[in-house]
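Rule-based calculations on the coordinates, nothing more; no lab input. From a predicted model like this one, the values you see are computed outputs, not experimental measurements. Here the Cβ is made from the backbone with ideal geometry for all residues, glycine too, and neighbour counts use every protein chain on show.
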Amino acid sequence: MSDSLDAYLVLAGILFAIGSFGFLARRNAISMLMSVELMLNAVNLSIVAFGAFIPELGAQGSVIALMVMAVAAAEVTVGLAIVIAIYRNKKTPLVDEYDAMRQ
Amino acid sequence: MTFEDLTTIAPLILAVLSAAAVLIVDLIWPGRSPLAIATALLTLGATAAVTIVVGQSPSTAFGGAYTVDALTSFLDVLFIAIVVLTIMFAPDYLLPRSLPVAEFAIVLIFAMCGAMLIAGSADLLLLFLGLELMVLPGYLLAGFHKSDSYSTEGAIKYFLLGAFSSAIFLFGLAFVWGLTGTTRVDGVAEALSAIIAGDAPLSPGLAMGLAFLTTGVAFKIAAVPFHYWTPDAYQGSPTPITGYLSVGPKIGAFALILRLFVEALGPLSDVWLPVIVILSAITMTLGNLVALTQDNVKRMLAYSSIAHTGYMLVGLAAYAGGQMDGLEGLLYYGAAYTFMNLGAFAVIAALQKRTGVTSSLGTFAGLGRKEPLLGILMALFLLSLTGIPPTAGFFAKATVIVAAVEAGGALTVLAVIAVLNAAAAAFYYLRIIVYMYMRDPESDAPALRHGALMWGGLAAATTMTLLLGLLPSALLEIVTDAAKAIATIP
């Protein structure tokens with residue numbers, strides 16, 4: 001099973017699940033950001049796997065994977081900027097303590 | 001790339017150039033906000049004019065990846081209107097807090113470019129890029145008051161859940177692409193029709209892809225139970241930006257639904273219809289119930305915007321149930337909701353011209369006597385949000401609900417739930433009106449003087465709110481054409 005499309009898709013699914021778990025379980029904003037990156041990498045793995053195993057999708061797959069990497073980079077930039085802004089105000093990266101508006 | 005391709009994407013090019021023009025003007029004459037606003041409004045006006053001209057003749061560009069039809073130009077003009085009104089409402093709020101107006105306009109126009117890209121996408125990859133281009137500036141806008149802890153707190157919640165949902169959406173997109181073998185929207189629809197024609201059950205990969213796409217989109221339109229980011233992001237953001245966030249990204253995400261679910265996943269409508277019905281019912285019910293208990297008007301309107309998402313989903317469900325009117329109702333609702341909701345947020349922004357004024361209900365006490373004109377306008381927008389004739393909100397609600405009744409079956413139940421919800425929603429909207437006219441003001445502060453731009457924007461929002469209620473036929477013709485452009489049922 002190690003050389004089939006399904007194996008890679010299952011691996012991507014497991015990576016995605018680990019990323020989602022990390023996002024839901026971690027309370028540090030930076031760790032949550034890293035978990036989202038893991039999820040996006042899982043997506044990229046599945047895209048590249050589709051491209052590698054289905055000949056007609058090869059060229060498309062490479063282009064889509066590159067686009068996803070560019071978008072992920074842009075997203076991290078914005079995210080880190082916001083984390084820095086809130087760290088200056090609150091002096092903590094823990095999201096549990098961002099509760100000024102909870103009623 | 002041919003010359004025809006360039007004329008087809010001319011509205012997008014002009015939109016990007018508008019942002020660039022404001023950027024350059026601000027670079028040469030820094031800090032001159034009236035100049036930056038004038039540049040933004042002029043260039044956006046030109047963009048709107050070109051959008052309407054290009055929209056006269058449907059065309060496609062780049063081998064079918066981008067398409068201009070009646071739906072594209074309707075949505076594009078709506079997005080431009082949203083951004084123009086937001087730019088008009090913003091200076092009264094931003095300037096007293098020494099926030100830069102030019103940067104605000106630039107980021108906002110870039111977000112609009114993303115929304116316009118979604119409206120014309122006929123390709124899954126373009127849809128995703130448009131979505132990201134629309135939401136990334138949105139995160140920045142939510143945290144625009146970066147020294148304010150509420151604003152940054154709203155921004156981080158908006159960002160984290162937004163990035164999470166983008167990843168989920170993209171995972172679904174990857175599977176739909178991999179298993180149908182094409183990124184083109186019409187190609188996906190053909191492949192799916194062929195797959196379900198054999199009466200075979202959906203393959204696990206495709207079913208999972210569909211589930212992930214639905215979840216990702218539900219986050220973006222703030223449907224219950226994926227709405228947790230909404231109240232904090234809306235309450236924390238600077239008020240004019242809350243107004244934008246409650247309509248711009250929401251209509252943009254509905255544009256994504258129209259292109260993705262109605263067009264690409266149209267053949268699977270039997271599979272996603274029950275999900276949409278359930279999402280719609282719990283979204284409007286929970287949105288309205290929680291809104292009843294809120295004492296902060298911005299937070300109340302955040303929950304109300306969740307409820308309005310539910311009403312719009314009624315239109316989508318009615319369409320999937322076989323009624324063309326549902327799609328028309330959804331588009332009409334989007335336009336009506338834009339103007340009444342932006343108007344309501346503009347009144348709050350106008351009151352907050354005096355720094356330190358909160359958005360609690362007490363701010364509205366005695367407003368009807370202190371600032372009679374602002375009080376009347378707020379009352380009008382709230383009545384329209386409630387859905388009282390002869391305002392835009394009434395006609396919008398009526399079209400989606402009638403469409404659901406005509407579709408029959410489980411959708412009749414959904415229509416009944418929508419009517420009950422509209423009645424319950426009246427309580428919290430009218431509560432603000434009671435505060436405005438039957439309570440004494442909490443402070444002796446004199447009435448504020450509002451800028452000409454603010455009054456101009458309010459006049460435009462009021463005109464549209466009344467016009468869409470009194471003369472619905474004009475817009476109805478446009479949305480019928482727009483709906484026909486993507487509908488697969490007669």
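When both region B:364-429 and region B:55-76 are represented by their alpha-carbon centers, they are found 33 Å apart.
What translational D, rounded to a whole number of µm²/s, comes out for region B:193-256 from Stokes-Einstein when the hydrodynamic radius is the Kirkwood one over Cα pairs, at 25 °C and 0.890 mPa s? In µm²/s, the coefficient rounds to 177.
The residue list B:LEU213, B:TYR311, B:LEU458 was ranked by how far each Cα lies along the charge dipole of chain B toward its positive end, using unit charges on Cβ atoms, and B:LEU458 comes out on top. With a 10 Å cut-off around each Cβ of A:76-82, the average count of Cβ atoms from other chains is 6. Only alpha carbons enter this Debye calculation for the protein assembly as shown, each as an equal point scatterer, and the log10 of I(q)/I(0) it gives at q = 0.09, 0.10, 0.12 Å⁻¹ is -0.66, -0.83, -1.23. Each stretch of four or more DSSP H residues adds -39500 (n - 2.57); spread over every residue of chain B, this sum gives -26000 deg cm²/dmol at 222 nm. With the convex hull drawn over the C-alpha atoms of region A:5-97, the volume per residue is 58 Å³. Taken along the Cα-to-beta-carbon direction at a fixed 7 Å, the label points for B:PHE427 and B:ILE278 span 2.7 nm. Around the Cα centre of region A:5-97, unit charges on the Cβ atoms of Lys, Arg, Asp and Glu (plus for the first two, minus for the last two) sum to a dipole of about 480 debye. With the highest mean first, a sort of the peptides A:5-14, B:219-228 on other beta-carbon atoms found within 10 angstrom per residue produces B:219-228, A:5-14.
In terms of packing, defined here as the mean over residues of other Cβ atoms within 10 angstrom, the peptides B:101-108, B:439-446 line up highest first as B:101-108, B:439-446.
Going from the residue with the fewest nearby Cβ atoms within 10 Å to the one with the most, A:ASP96, B:ASP123 rank A:ASP96, B:ASP123. Compared with the dominant principal axis of the Cα atoms in chain B, helix B:410-438 is inclined by about 10°. Neighbouring Cβ atoms from other chains, within 10 Å of the Cβ of residues in A:40-50, number 4 on average. Mean residue ellipticity at 222 nm, helices only, chain A: -27500 deg cm²/dmol; runs of at least 4 DSSP H residues each add -39,500 (n - 2.57), and the sum is divided by the number of residues.
Electrostatic tally near B:ALA119: other residues with Cβ closer than 14 Å to its Cβ, Lys and Arg +1, Asp and Glu -1, net -2. Taking Cα centre as origin and charging only the Cβ of basic (Lys, Arg, +1) and acidic (Asp, Glu, -1) residues, the dipole magnitude of chain B rounds to 1280 debye.
Among B:360-368, B:173-181, A:52-60, B:474-482, sorting by the average number of other beta carbon atoms lying within 10 angstrom of each residue, highest first, gives B:173-181, B:360-368, B:474-482, A:52-60. Max-minus-min Cα coordinates of chain B on each principal axis give 73, 54, 41 Å, with the largest extent listed first. Ranked for footprinting exposure by Cβ neighbours inside 10 Å, fewest first, B:THR7, B:THR283, B:THR358 give B:THR358, B:THR7, B:THR283. Helix B:472-486 and the longest principal axis of the Cα set of chain B meet at an angle near 40°. According to the Kirkwood relation over distinct C-alpha pairs, the hydrodynamic radius of region B:351-392 is 11.4 Å. Shielding of peptide A:19-28 by partners, expressed as the average count of other chain Cβ atoms within 10 Å per residue Cβ, is 1. Among B:LEU448, A:LEU94, the ranking by other beta carbons within 10 Å of each residue's beta carbon, starting with the fewest, stands as A:LEU94, B:LEU448. Can you give me the angle between helix B:185-197 and the longest principal axis of chain B, using Cα atoms only, in degrees from 0 to 90, rounded to the nearest 10? So the inclination is approximately 50 degrees.
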